[in-house]
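Participant: Can you read through this structure? Questions will come right after.
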Amino acid sequence: MAFALAPNPAPDSTPSPEPARRRLGDILVDRGFVTDEQLGDALALQKTTNRRLGEVLLQEGLVTPAQLMEALADQLGFPFINLDGLNVDHTLVQKVPEPLARRHRAVPVRMEDGNAVVAMANPADVIALDDLRSILRVPIRAVMADPDKIIDTINRSRQGDEQVQNAIRMAVQDAGEVETESDLRVVETARDEAPIIRFVDLIIGKAVQERASDIHIEATQTSMRIRYRIDGVLHEVMHPPRALQPGIISRVKVMAGMDIAEKRVPQDGRASMVVGGRAIDLRIASVPTVYGEAVVARILRREDGLMRLVDLDMHPSQFERFQNVFKRTWGIVLVTGPTGSGKTTTLYSALRELNEPSRNIMTVEDPVEYRMEGLKQMQTNVRAGLTFATALKSMLRADPDVILVGEIREKETATIAVEASLTGHLVLASLHTNDASSTPLRLIEMGLEPYLVVAGLRGILAQRLARRLCDMCKTPRVLAPELAAAAGIPPHLCGADGSFATFDSQGCQNCSGTGYRGRFAVNEFLEVSETLSHMILEQRPSREIERQAIEEGMFTMKEAGLRKVQAGLTTIEDLYRCIG
């Protein structure tokens, strides 16, 4: 959760006396903002100047405006939020007319549990709350913020909106003038005069700035929707007019070298560009939908794949097993998981450890996502007849020591890869499965003989990507025994009383108010032992294979993730979201 917010109290039919409101000075002392001596001096000065205590404290420089507002929020019984540098939900901000937001000094921050979190100078203003509720049409959770920071946030948000709106306005004026590929080619020669090109560049530039991994551009019945996937979660960022759809889609397809005249079948392409001084690659896919074509662009930052194997942060016992399979000169090692689970990044981390002049390392991928010196990297080209299978056959005649297969998709590729692992080659490959224990049966279902799977398979690393808690604002919390049991946490990970120590986050400037910044891998590693080989030959159910692997020391993805929750890397909620 981004903020620890208490629900608004429900009205009680029986009036009860209100508790005495705590004095502002006592709150400031309790929070450590001032000392008893400083408070005494300020109170004495207040009596002589007849000013408010807060004004005196600010005038004397004893507290900051943020500290004073935080104490006032505590006194009034509302949560406090620091808006410094916070990136708000622009879609939500646009729903509130600017004059009304300025008049009430209120700005929506984000949606949380179906409620709009609204920062207000006076959260007790019932008229402002009614206005906001009628406009946003969702329940409101009011939090208190510095009035000056609220106005700054409105200005900052509207400036960003103005940049987008100007780009949209110019693109709308230009819409209809660029209809064919030849028109777009001409427009590209006069880049500064091409509004649609500048608008697409703005979309990509903002995505890189926001650390997005994917850009989704799609049409709805009445408009367009542009979303960014940030730390594994999709966020809506803008809604351009529907009239811009043909121009935006055509521009992206031209960048990717795709056929803009073909709108009936899916297409794939690739583009490269420099954004903010950083070279990025875009892997682009278009699909036809009932409202027109939709495009998804995956952002590949070339340097991001060059992480170290130790950065996987596996448990020492699991990491030692994982490293041992790479010390062998032959066999096949699989990295499995769904799309976007970091399989390629993990494979390149392994290649970084193996990349030495004494080894001939070759890869075949679709596409080549990262470039690495010292490797012979090959990209498939189905139109030219270069598939994973044909590329693997040619590789085996080029004296490789290590082979990386970007993805095993069908029987022929799987068979060649396993046979290559049996003839003195170390083969690394990715495969789409849910967990490590179901992978051998998946290979058998693809058509491989069980004896081939057992003979070549050395280890399986299954993984997911969980969001990393922001180090600047995470706070410890303890799950009560009954909540820990309900969450399915194993007793050996709980305390003596059955409670479970974990962390939560409040959101801050560093993480743009989300409570998370970055992602990390949660994984399980299954090393194929003699006992497991016999079970695979007998095609025993994956659950039986998993139980045997656990007896032999494997940590399941759930247990590995819960250990990282204890270490403060993520929350239980996000862990269960990513591992299902």
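Participant: For region 404-480, please list each of the strands (runs of 3 or more DSSP E) lying entirely inside it that holds at least 3 residues being surrounded by fewer than 20 Cβ atoms within 10 Å (Cβ to Cβ) and of a type outside the set (Gly, Ala, Ser). Before the answer, list the steps.
Facilitator: Details: elements: 426-431, 457-469, 474-479.
In region 404-480, the matching strands (runs of 3 or more DSSP E) lie at 474-479.
Participant: Residues that are under 30 Å from Val233 (Cα atoms) and part of a loop (DSSP other than H, G, I, E, B): does region 384-401 have at least one?
Facilitator: Within region 384-401 (the criterion being under 30 Å from Val233 (Cα atoms) and part of a loop (DSSP other than H, G, I, E, B)), the answer is no, since none of the residues qualifies.
Participant: Determine whether region 306-319 contains at least one residue that is more than 30 Å from Ser223 (Cα to Cα), at pLDDT 90 or above, open to solvent by less than 60 Å² (accessible area, probe 1.4 Å) and part of a loop (DSSP other than H, G, I, E, B). Lay out the reasoning, then the answer.
Facilitator: Going through region 306-319, the residues more than 30 Å from Ser223 (Cα to Cα) turn out to be 306-319.
Next, from what is left, pick out any that are at pLDDT 90 or above: none.
No, there is no match, as no residue in region 306-319 is more than 30 Å from Ser223 (Cα to Cα), at pLDDT 90 or above, open to solvent by less than 60 Å² (accessible area, probe 1.4 Å) and part of a loop (DSSP other than H, G, I, E, B).
Participant: Could you please let me know if Arg198 is open to solvent by 30 Å² or more (accessible area, probe 1.4 Å), closer than 23 Å to Ile280 by Cα and modelled with pLDDT of 65 or more?
Facilitator: Yes: the conditions hold for Arg198.
Participant: Also, I was wondering about something else. Among the residues of region 505-512, is there at least one that is open to solvent by 30 Å² or more (accessible area, probe 1.4 Å) and at pLDDT 90 or above?
Facilitator: No, every residue in region 505-512 fails to be open to solvent by 30 Å² or more (accessible area, probe 1.4 Å) and at pLDDT 90 or above.
Participant: Moving on to the next point. Of the residues in region 484-537, how many are part of a loop (DSSP other than H, G, I, E, B) and in contact with a Pro (Cβ under 7 Å, 6 or more places away or on another chain)? If you could, list the steps in order and put the result at the bottom.
Facilitator: Taking region 484-537 first, the residues part of a loop (DSSP other than H, G, I, E, B) are 487-490, 494-499, 506-515, 528-529.
From the residues that got through so far, the ones that are in contact with a Pro (Cβ under 7 Å, 6 or more places away or on another chain) too are 497-499.
Here the count works out to 3.
Participant: What are the pairs with Cβ atoms under 9 angstrom where one residue, in region 35-60, is farther than 16 Å from Leu24 by Cα and open to solvent by 40 Å² or more (accessible area, probe 1.4 Å) and the other, located anywhere, is acidic (Asp, Glu) and in a helix (DSSP H, G or I)? Sequence gap at least six, or different chains.
Facilitator: Every condition considered, the pairs that remain are Thr49/Glu55; Glu60/Asp41.
Participant: Mind checking which residues of region 518-529 are open to solvent by 20 Å² or more (accessible area, probe 1.4 Å) and either under 18 Å from Leu441 (Cβ atoms) or at pLDDT below 85 (or both)?
Facilitator: Glu527, Val528, Ser529
Participant: For region 227-248, enumerate the residues that are open to solvent by less than 10 Å² (accessible area, probe 1.4 Å) and within 20 Å of Met273 (Cα to Cα).
Facilitator: Tyr228, Ile248
Participant: Go through (1) within 18 Å of Asp148 (Cβ to Cβ); (2) of a type outside the set (Asp, Glu); (3) in contact with a His (Cβ under 9 Å, 6 or more places away or on another chain) and name the single condition Gln94 misses.
Facilitator: Evaluating Gln94 over (1) within 18 Å of Asp148 (Cβ to Cβ); (2) of a type outside the set (Asp, Glu); (3) in contact with a His (Cβ under 9 Å, 6 or more places away or on another chain) leaves (1) as the failure.
Participant: Given the conditions (1) in contact (Cβ under 8 Å) with a residue 60 or more places away in the chain; (2) outside any helix (DSSP H, G or I); (3) open to solvent by 60 Å² or more (accessible area, probe 1.4 Å), which single one is not true for Arg540?
Facilitator: Evaluating Arg540 over (1) in contact (Cβ under 8 Å) with a residue 60 or more places away in the chain; (2) outside any helix (DSSP H, G or I); (3) open to solvent by 60 Å² or more (accessible area, probe 1.4 Å) leaves (1) as the failure.
Participant: Now a separate question. Looking only at region 257-278, filter to residues that are of a type in the set (Gly, Ala, Ser) and open to solvent by less than 40 Å² (accessible area, probe 1.4 Å); which one of those is farthest from Arg211 (Cα to Cα)?
Facilitator: Gly269
Participant: Here's a follow-up. Considering Leu375, Leu334, which residue is touching a residue at least 24 places away in the same chain (Cβ under 8 Å) and open to solvent by less than 20 Å² (accessible area, probe 1.4 Å)?
Facilitator: Working: Leu375 fails: open to solvent by less than 20 Å² (accessible area, probe 1.4 Å).
That would be Leu334, the only listed residue that is touching a residue at least 24 places away in the same chain (Cβ under 8 Å) and open to solvent by less than 20 Å² (accessible area, probe 1.4 Å).
Participant: Looking at (1) modelled with pLDDT under 90; (2) assigned to a strand (DSSP E or B); (3) among the hydrophobic types (A, V, I, L, M, F, W, C), which one does Ile284 not meet, given that it meets all the others?
Facilitator: (1)
Participant: Let me confirm something: among Val109, Val88, Val93, which residue is surrounded by 19 or more Cβ atoms within 10 Å (Cβ to Cβ), modelled with pLDDT under 75, within 29 Å of the chain's Cα centre (by Cα) and not aromatic (Phe, Trp, Tyr)?
Facilitator: Val88
Participant: Scan region 6-18 and give yes if some residue there is under 24 Å from Cys473 (Cβ atoms), modelled with pLDDT under 80, part of a loop (DSSP other than H, G, I, E, B) and open to solvent by less than 60 Å² (accessible area, probe 1.4 Å), otherwise no.
Facilitator: no
Participant: Go through the residues of region 470-484 one by one and say whether even a single one is touching a helix residue (DSSP H, G or I) at 6+ places or on another chain (Cβ under 8 Å) and within 21 Å of Leu347 (Cα to Cα).
Facilitator: Checked region 470-484: no residue is touching a helix residue (DSSP H, G or I) at 6+ places or on another chain (Cβ under 8 Å) and within 21 Å of Leu347 (Cα to Cα).
Participant: Go through the residues of region 353-376 one by one and say whether even a single one is assigned to a helix (DSSP H, G or I) and in contact with a Ser or Thr (Cβ under 6 Å, 6 or more places away or on another chain). Let's see the steps before the verdict.
Facilitator: Taking region 353-376 and keeping what is assigned to a helix (DSSP H, G or I), we get 353-354.
Now narrow it down to the ones that are in contact with a Ser or Thr (Cβ under 6 Å, 6 or more places away or on another chain): none.
No, region 353-376 contains no residue that is assigned to a helix (DSSP H, G or I) and in contact with a Ser or Thr (Cβ under 6 Å, 6 or more places away or on another chain).
Participant: Scanning region 488-499 for residues that are open to solvent by 30 Å² or more (accessible area, probe 1.4 Å) and over 17 Å from Phe555 (Cα atoms), which turns out nearest to the chain's Cα centre (by Cα)?
Facilitator: Ranking the qualifying residues of region 488-499, first place goes to Gly495.
Participant: Now for a separate question. Among the residues of region 113-128, what is the count of those that are open to solvent by 10 Å² or more (accessible area, probe 1.4 Å) and over 19 Å from Gln75 (Cβ atoms)?
Facilitator: Looking only at that region, the number is 4.
Participant: Quick one: is Ala484 in contact with a Cys (Cβ under 7 Å, 6 or more places away or on another chain) and within 25 Å of Gln318 (Cα to Cα)?
Facilitator: no
Participant: Working carefully through the options Val364, Val418, Val454, Val382, find the one that is without any contact (Cβ under 8 Å) to a residue 12 or more places away in the chain and not acidic (Asp, Glu).
Facilitator: On inspection, the qualifying residue turns out to be Val382.
Participant: Has region 19-26 got any residue that is modelled with pLDDT of 75 or more and under 19 Å from Pro65 (Cβ atoms)?
Facilitator: yes
The values are calculated or read from the model by the stated rules, or taken from the named source; none is laboratory data. Just so it is clear, the model here is predicted, and its values are computed rather than measured. Here the Cβ is made from the backbone with ideal geometry for all residues, glycine too, and neighbour counts use every protein chain on show. Ligands, DNA and RNA are excluded from the accessible area calculation, which covers all protein heavy atoms including side chains. Shrake-Rupley method; radii C 1.70, N 1.55, O 1.52, S 1.80 Å.
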